[in-house]
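Below is one structure, written out as structure tokens; comments come after it.
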Amino acid sequence: MSAARMETAGAGTAAIGTVASVAPAHGVLVELRDLRRSFGTVRALDGMDLTINPGELVVLLGPSGCGKTTALRVLAGLEDADSGRITVDGRDISSVPTSKRDMGMVFQAYSLFPHMTALQNVEFGLTLRGKGSAERRRIAGNYLELVGLSEQAGRYARQLSGGQQQRVALARALAIEPKVLLLDEPLSALDAKVRVQLRDEIRRIQLELGITTLFVTHDQEEALAVADRVGVMWEGRIQQIASPAELYTAPVNKFVAEFVGLSNPLPGTASEGAATVLGQRVPLLPGSPQSGSVTVLVRPEAVTLVPGPDSAVGTDARSGSVAGTIVGTSFLGATGRAQVRLTDGTLIIAQIASAEVAVLRVGETVDIRLEQVPALAVAPRGA
Amino acid sequence: MTTSVAAPPPRDAARPQQLRRTMRRKQTTIRWIVIAVIMAFFLIPLLSMLYFSLRFPLSGKWTGQAWSNVIHMGSLAASDPADYGQLWTGLKNSAVLVVLTVVIMVVLLVPTMTWVRLRVKWLSRTVEFICLLPLTIPAIVLVVGLGPVYRIVSNVLSTNTIWLCFVYVVLVLPFAYRALDAGLAAIDLTTLSEAARSLGAHWFRVMWQIVLPNIRSAVVSACFISVALVLGEFTIAQLLARDNLQTGIFLVSQSDGQLAVTMSLAALILAFVLLMVLSLFSGDGRRTKGAST
């Protein structure tokens, strides 16, 4: 592929080709409507609705057993839905068999055919589409170059690392020029460094090809890093689907707020669009109760710690802040976390600059101040 | 002047080398004794058969006549249908039975076991039980039940010995099941088949191009066992009055013991060669190619 520009994505990364010599896909509109699927008494999908716009990468995020993989498998045709409808560009494919759905899929487990080389694996789908030998070889070679594995074309799966195997699987899924790309936790078996590299490659390739993609993961960092929109799933339904930023800053319910990022559930009293928490006023997000006792979910980065020799554990009536005792700190690189215990036993996590964490000592008393960042409030537990 | 203080020898090194050498020699000797006993167990009967096939028992004269007769069995069958004819027919029938049994076993068992693993996992215990059942039923008992069945088979099809293939498939089920089960368990069948289907493969192609190549060793093992079992089967053929290799050898042994023994040995060698050929055929060339990782 002489026309392809080659670039190196950091140390230890294979040379990656660009999309110049592979056909860009035309994104399609995918709609899942009122999908239901039960396994015995377990409802894996409970009226799930999802729209994926042409060329968009949507990530389904959720804990194990929330139904995200079932949704992807139903879309791929590997599971039958009990009811509901799946359309691709308006065409109902609910009863179309897997082999005719024209969807490329990368699996969580390594799925390369062990008796074939990397090149033969990529060629497999092309053979089924009646492509001639020379054309097959050319297309497969181009896609292997796209994922940076031209040199390994003649290798068998057992001769490739986990990351390389998943790249070949990605090339194999893309080589058939599918309408939709389905990624079922493709990075979960890889080590942390390879995971980040491959995650970025997947996003780059997806953007260059413009292929409509559904990505399933339980890793929120992964989801927030690659997605155009993230759908948080729980109990067989999408609780919220939004851009990563919106999902983080404006979660619609307690589950989303607690699942995406960390939050401190603090008791407060709501009134006039804000809540009084730890003696301080915090603006509330839309959808929060507007009056009465509430639990406010405060993000750790909205908590500021002020060390002071005069601080005493308890509420400072003048500043409106509350003092607590440092019970633990952790260094996370650019930032750090400190755990502060209040007199009533409430534990608060604050995410602050690592330089600030470094000067904190366990047992030290600090003032806790809450920033004026809108937070979600929910009805208190048991209310 | 410098003085060096020798470090205390490690515990293992402190052990006298002489003792370790003696132990190693003893282990090697024991190993060779075990191998020799096993080889003797297998080879003495075979060498005895070879000796008996080459030395005429009454005169003590060494001759290759029995082997020549085995090689020219086809032409001798025409001239002496009483002895050689029976044996020749039995040999041909067994050859056809081997092929039919292996083909039916593979066609029946491989897709069934694959399907059970992929789609109806809850049925796997039942299938396993059914497949292993023939192991617990002695052939003589089996024949009692098979008698009426084969009366129907004789009416519907014919009395030809080749229809014994059905019961032979039943007989090889336990062994073939175990071999194939091990092969299927060694691959991620679900993921591989789903990957192939997502790429556009239909079930037949999934079976033929993905599953079979990856369980080739298991299939060949199942074939090995089937070939050996069919070539050695006597009881059912005899009790159902069909002619196979073993019944032919039995008949010949009553008039020509040397020929019977020679034929038995030839059948063993044939089976051995066949198994070697199958083994070579199943040999995975990728292993040598892939060794450079």
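Brief remarks on what is shown
- Solvent-accessible area lost in complex, 40 Å² minimum, residues of region A:147-165 relative to chain alone, 1.4 Å: A:TYR156, A:ARG158, A:GLN159
- With viscosity 0.692 mPa s and temperature 37 °C, the Kirkwood radius over alpha carbon pairs of the protein assembly as shown converts through Stokes-Einstein to a diffusion coefficient of 103 µm²/s.
- Rolling a 1.4 angstrom probe over the protein heavy atoms with all chains in place gives the protein assembly as shown an accessible area of 49 Å² per residue.
- Residues of region B:164-197 whose accessible area (probe 1.4 Å, heavy atoms of protein chains only) drops by at least 40 Å² once all protein chains are present, relative to their chain alone: B:THR191, B:LEU192, B:GLU194, B:ALA195, B:ARG197.
- Helix B:216-232 axis, angle to chain B major axis (alpha carbon atoms, nearest 10°): 50
- Descending by average beta-carbon neighbour count within 10 Å, the peptides A:363-375, B:37-49 line up as A:363-375, B:37-49, the highest first.
- The rule of thumb for compact globular proteins, 2.2 N^0.38 Å, goes into the C-alpha radius of gyration of region B:85-282 1.14 times.
- Cα gyration tensor of region A:41-131 - equivalent ellipsoid semi-axes, whole Å, descending: 27, 17, 13
- Summed buried accessible area for A+B [probe radius 1.4 Å, Å², rounded to 100]: 2200
- Region B:85-282: relative contact order as a whole-number percent, Cα under 8 Å and 6+ apart: 36
- Note on B:LYS92: aspartates and glutamates with a C-alpha under 16 Å away, same-chain residues under 8 apart excluded, are B:ASP83, B:GLU233, B:ASP243.
- Sorting the segments A:190-197, B:152-159, B:168-175, A:230-237 by their residues' average number of neighbouring beta-carbon atoms within 10 angstrom, most packed first, yields A:230-237, B:168-175, A:190-197, B:152-159.
- P(r) tail fraction, region A:61-106 - alpha-carbon pairs more than 14 Å apart, %: 49
- Pairs of alpha carbons in chain A whose separation is greater than 39 Å (percent): 31
- Peptides A:274-281, B:103-110 ordered by average Cβ neighbours within 10 Å, highest first: A:274-281, B:103-110
- The mean count of C-beta atoms from other chains within 10 Å of the C-beta of residues in B:208-214, rounded to a whole number, is 3.
- B:LEU192 sits among other residues whose Cβ lies under 13 Å from its own Cβ, and their net charge, with Lys and Arg +1 and Asp and Glu -1, is +2.
- Cross-link table A:LYS100/A:LYS193; A:LYS100/A:LYS131; A:LYS68/B:LYS121; A:LYS131/A:LYS193, entries beyond 26 Å C-alpha to C-alpha: A:LYS100/A:LYS193; A:LYS131/A:LYS193
- Solvent-accessible area of region A:262-378 (1.4 angstrom probe, protein heavy atoms only): carbon and sulfur portion equals 56 percent.
The values are calculated or read from the model by the stated rules, or taken from the named source; none is laboratory data. Bear in mind that the values here come from a model prediction, so they are computed numbers and not experimental data. For neighbour counting, all protein chains shown are included, and Cβ atoms are generated from backbone atoms with ideal geometry for every residue, glycine included. When the accessible area is computed, the model is the full protein with side chains, heavy atoms only, and any ligands, DNA or RNA have been set aside. Shrake-Rupley method; radii C 1.70, N 1.55, O 1.52, S 1.80 Å.
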